[in-house]
Amino acid sequence: MQIRFSPSMRSINISTSSNGFLDLMKVKVAARHISYRTLFHTVLVLAFLLPFVFILTAVVTLEGVNKCSSFDCLGRRLGPRFLGKGVDDSARLVRGLYRLLDDANSVEIPGGLKFPESFNEFLSEMKHNNYDANTFAVMVKGTMDYMNREVKKARLAEQLNKHFAAIGIPKGLHCLSLRLTDEYSSNARARKQLPPPELLPVLSNNSYYHFIVATDNVLAASVVVNSAVRSSMKSDMIVFHVITDKMTYPAMHSWFALNSISPAIIEVKGVHQFNCLTRENVHVLEAIERHHHVKNHYHRNHVTGTNISDSPRAFASKLQARSPKYISLLNHLRIYLPEMFPSLNKVVFLDDDVVVQRDLTQLWDIDLSGKINGAVETCEGEDTWVMSKRFRTYFNFSHPLITNNLDPDECAWAYGMNVFDLKAWRKTKIRETYHYWMKENLSSNLTLWKLGTLPPALIAFRGYVHPINPSWHMLGLGYQEKTNLDDVRKAAVIHYNGQCKPWLAIGYRQLQPFWTKHVNYSNEFIKNCHILEPAD
């Protein structure tokens, strides 16, 4: 048999020989046309892909991935989706890890287990014990829980240390008070009358601007007075009434007798020098100081009743509420102002932890619209931590007496810089209301509120508060470290309410200069008591 192809490849001739006869067979073949353009594109694609596939295959081979025999597996290993439909192993691993951790989240960690205290210790323990994936996930959860508890303990301990630092008296301030007291007994100039006899009528003259500050802190009082006088455009019309306790009176008198604030006028008086502050008039406060539950709350273990689940801020608030100053007569003194200054019509009361940065005599021009207390409201503002105080912040609304009488959404207001219309005040029962609620809280073992003197004032002044512009009084410099410094500079009065007072070592460094610039560190008494200007 012979087979011949035609030159055009379109037919095949087959010849066979059988018994001497020649048989011919012709078979036509269908022609298939391949265009040169298609051939060109095919060659071009292959020229591009083959080197790429070769390089990737070589890399896979070198990495030992060639143990996976299927092309689909190769595609998953190489990554590009056109080589396979699989998903990257790393993504699969991450999803598996998520599932393990999610399952571990519902596992109860046995008590008494010891968890590693560092990453290196954790890694070493994992390698040594050959943990499987499930055990690894449980150990991660247990370690994270342990670390969170330790961090919270440290933060709570920090707040506790701050609390004790805040309620203590720094050595320098104690020294200052002792030296000034000694000066009062030995130096006639330190005992001179304040103000001089010829200026006594000014103390009851309502054409002057009368400021009141009540404190047992000599240095703090000097800053309040100095900053207010320096900031005023009418300093010769300013009268300051500084009130202190009997023990601090000699030191306070000595300081202002030896350090004139002329042309302003100053009066220093002790609570024992006010006839209206008798035991009969302040019997509620006397009872508070003697009450056993009050003594336990303010003078004993301040950690009692706290919970590790509390946030550091909530814990700090609880501690601040247990400051012994809240049962001090000086702290409740402002509720007796109409009787203490019977001839005055309007006064501005300032706390001892404020700094005045703008002329406050303009406060007398504010129309209180028949109200008694001009104050900044503290329920709205950019700083949601400082300016978010409503009645629910201060009162226990689980108590029926509170629930039936107060609205939890009512806006609170600030103590520390208040304009009081004493003439209108005398026509009200504010003091009696204050005393009533103090008694109720006392009889309920302090279950109505535990945040000091503001809560009873919030109740007593209900309906008598006139909101004033927030720029007059900026709060929170004693507990809000991230206070905006530009806002601080613009405020008329800045208030270091909170634990971190500017005269303490725990005061915030960036906020201290607003206070320290009003302290005369070259003063003989300040130098001798080693009260040093804070370093920059």
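The values are calculated or read from the model by the stated rules, or taken from the named source; none is laboratory data. All values reported here derive from a predicted model rather than from experimental measurement. Counting neighbours? That spans all protein chains shown, and the Cβs are built from the backbone with ideal geometry, glycine included. When the accessible area is computed, the model is the full protein with side chains, heavy atoms only, and any ligands, DNA or RNA have been set aside. Shrake-Rupley method; radii C 1.70, N 1.55, O 1.52, S 1.80 Å.
Tabulated results
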quantity: Order by protection proxy (mean Cβ within 10 Å, highest first), peptides 431-441, 514-524, 466-476; calculated: 466-476, 431-441, 514-524
quantity: Net +/- balance of residues flanking Ala257 in space, Cβ distance below 11 Å, scoring K and R +1, D and E -1; calculated: +2
quantity: Gyration tensor verdict on region 337-469 (Cα atoms; rounded if a/c is under 1.5, prolate if a/b is larger than b/c, oblate otherwise); calculated: oblate
quantity: Potential lengthening between Asp365 and Cys276 on full extension [0.36 nm per residue; Cα-Cα distance subtracted]; calculated: 29.1 nm
quantity: Extension gain (nm, one decimal) between Ser398 and Asp182, 0.36 nm per residue minus Cα-Cα; calculated: 72.6 nm
quantity: Cβ-defined net charge surrounding Thr244, 13 Å radius [Lys, Arg +1; Asp, Glu -1]; calculated: -2
quantity: Neighbourhood net charge (12 Å Cβ-Cβ; Lys/Arg +1, Asp/Glu -1) for Leu454; calculated: +2
quantity: Karplus-derived 3J(HN,Hα), 6.51/-1.76/1.60, for each residue of region 401-417, Hz, glycine and proline x; calculated: 5, 6, 4, 7, 10, 10, 9, x, 8, 5, 6, 8, 9, 9, 8, x, 8
quantity: Peptides 123-135, 357-369 ordered by average Cβ neighbours within 10 Å, highest first; calculated: 357-369, 123-135
quantity: Modelled label reach - Arg230, point 7 Å along Cα→Cβ, region 351-366 residues with backbone N closer than 16 Å; calculated: 353-360
quantity: In Hz, Karplus ³J(HN,Hα) per residue of region 220-235 (6.51, -1.76, 1.60; θ = phi - 60°; x = Gly, Pro); calculated: 5, 4, 5, 5, 4, 5, 4, 5, 5, 5, 4, 7, 8, 8, 10, 4
quantity: Listed residues Ile238, Ile531 arranged by accessible area, highest first, probe 1.4 Å; calculated: Ile531, Ile238
quantity: Exposure of Cys500 as accessible area (Å², to 10), given a probe of 1.4 Å and all protein chains; calculated: 0 Å²
quantity: At R0 = 35 Å, FRET efficiency that the Cβ-Cβ distance of Leu97 and His174 yields, to 0.05; calculated: 0.05
quantity: Label-point separation, Lys153 to Asn445 (7 Å along Cα→Cβ), nm; calculated: 3.0 nm
quantity: For Arg390, residues with placed amide H under 5 Å, excluding near neighbours; calculated: Ala412
quantity: Mean separation of Cα contacts under 8 Å (6+ apart) over length of region 382-521, as relative contact order %; calculated: 18 percent
quantity: Nitroxide proxy distance, nm - points 7 Å out along Cα→Cβ at Val488 and Glu339; calculated: 4.0 nm
quantity: Cα gyration tensor shape of region 176-233, rounded if a/c is under 1.5, else prolate or oblate by comparing a/b with b/c; calculated: oblate
quantity: Relative contact order (%) - criterion: Cα under 8 Å, at least six apart; region: region 356-431; calculated: 38 percent
quantity: Relative packing of 226-233, 400-407, which averages over residues the other C-beta atoms within 10 Å, highest first; calculated: 226-233, 400-407
